[in-house]
Structures are given as C-alpha cells and as structure tokens.
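The values are calculated or read from the model by the stated rules, or taken from the named source; none is laboratory data. It should be emphasised that the depicted structure is a prediction, and the values quoted were computed from it without experimental measurement. Here the Cβ positions follow ideal geometry from the backbone for every residue, glycine too, while neighbour counts run over all protein chains shown. Remember, those area values only see protein heavy atoms, side chains included, never the ligands or the DNA or RNA. Shrake-Rupley method; radii C 1.70, N 1.55, O 1.52, S 1.80 Å.
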Amino acid sequence: HLSYPNVFRFDEHWYMLPESSERRDLILYRARSFPNDWEPVVQLLTNVRVVDATLHRDNGTWWLMAGSADSPGGAFDDTLHVYRAAALTGPWIASPRNAVRSDPSCSRPAGPLFRWKGKWIRPVQDCRGRYGRALHLLALASIDDSGPHEQLLATVCGDERAGVTCTHTYSRVG
C-alpha cells in the first residue's frame, strides 16, 4: 500500500515520499523522468509505522512530521511524531519528545506545507469522531524537537447537504 505521495522539488530534482506504513519504513524516491519514472534514493526511517509523512525545510534543517501508531496508546489519527536531519538524505533523528502531540483534531498531516501571505501553512486532519471529518489550516510560527508551534487560521469541512462528507487532504501549487 503506497499513498499520500509527498512530491516536491529540491536542488533541481523531483522527489517523492510515499506512505508505506505496512512495510514499517519510509523510502525517499527521486524522479528519473518526472512524473512516471522513479528510483529509490534512501531509506529515511526503518522499523516505524508512520502515515502521511510530510517534509519541511526550515533554516537549513529538514523536518519530517507524521502520524504514528508507535507511541503507547497512540493511533495514526491522533499522535504526531517529528524527526529532523541536516540533509534530506539523513541521518534522521527522532525527537526525544515523540509523540510531540496527542490530539485527534490537529496531529495527522493533511498535505504539504505551503506559503501564504508570508507564512508557512500546515494542513492537518481533524479526525475527531471519524477519519476525514474536516481539516484545519495552521500557521506555522516555528518548529523544534517539541513539535510545531502553530495557530489556527481556517477550517475546511464537508457539506453533507451537497454530498461531500469527507475532507482530509489539501494540496496547493502556486
């Protein structure tokens, strides 16, 4: 099972970080010929069950945020784990505070971070009650080993009257 392909461009190359929690690893791929031909570059994490892994570069440090079921009592929908690295290819270091967040309303990533009005915005899933209930757009003030420090900007939810019952991913280009 491969899903949630975090696709991004860095140093003139296209990369993809698909979810592979069933395999208990996280492999970074580089496009040989974008968008159809990919090759594995490096295994970023091993022996972990993470979903919706999202990369973000801040002041020269790479950050990886993901939902994880590897915390005591944790579930993919309500715990956030963070990892950091000086280089995209690692080595990746888990925060000693993982899980840095345990809250089904704002832990699980919902898409890549994007810039809006000079701020980094982090989409997150609101899984209270059910998967795909809604998503929130959070303004990222900073990130460190204690996790992201954020402020709620907006909430996007389905409209059951219009037949839209799930909202769990937001991706934006430009």
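Pairs are defined by a Cβ separation below 8 Å, a sequence spacing of at least 6 or placement on different chains, a first member in segment 4-32 that is farther than 23 Å from residue 67 by Cα, and a second member that is part of a helix (DSSP H, G or I); no pair meets this definition. In the set (1) surrounded by fewer than 21 Cβ atoms within 10 Å (Cβ to Cβ); (2) under 13 Å from residue 54 (Cα atoms); (3) polar (S, T, N, Q), residue 107 fails one condition alone, (1). For segment 31-44, a residue qualifies if it is surrounded by fewer than 22 Cβ atoms within 10 Å (Cβ to Cβ) and either not acidic (Asp, Glu) or not in a strand (DSSP E or B) (or both), and the qualifying residues are 31, 32, 33, 34, 35, 36, 38, 40, 41, 42, 43. Of everything listed in (1) surrounded by fewer than 18 Cβ atoms within 10 Å (Cβ to Cβ); (2) assigned to a strand (DSSP E or B); (3) polar (S, T, N, Q), the single unmet condition for residue 89 is (2).
From the list 62, 14, 38, the lone residue that is aromatic (Phe, Trp, Tyr) and closer than 19 Å to residue 140 by Cβ is 62.
Checked against (1) under 16 Å from residue 55 (Cβ atoms); (2) part of a strand (DSSP E or B); (3) under 14 Å from the mean Cα position of the chain (by Cα), residue 112 meets all criteria but (2).
Applying a threshold of 6 Å to beta carbon distances and a minimum spacing of six or more residues, or different chains, the list of pairs starting in segment 59-71 at a residue that is surrounded by fewer than 18 Cβ atoms within 10 Å (Cβ to Cβ) and ending at one that is assigned to a strand (DSSP E or B) reads 61/84; 71/79. Scanning segment 140-165 for residues being open to solvent by less than 50 Å² (accessible area, probe 1.4 Å), among the hydrophobic types (A, V, I, L, M, F, W, C) and either over 16 Å from the mean Cα position of the chain (by Cα) or more than 23 Å from residue 98 (Cβ to Cβ) (or both) gives a total of 1. Here segment 41-61 is the region considered, the condition is being closer than 22 Å to residue 169 by Cβ and of a type in the set (A, V, I, L, M, F, W, C), and the residue that is nearest to the chain's Cα centre (by Cα) is 53.
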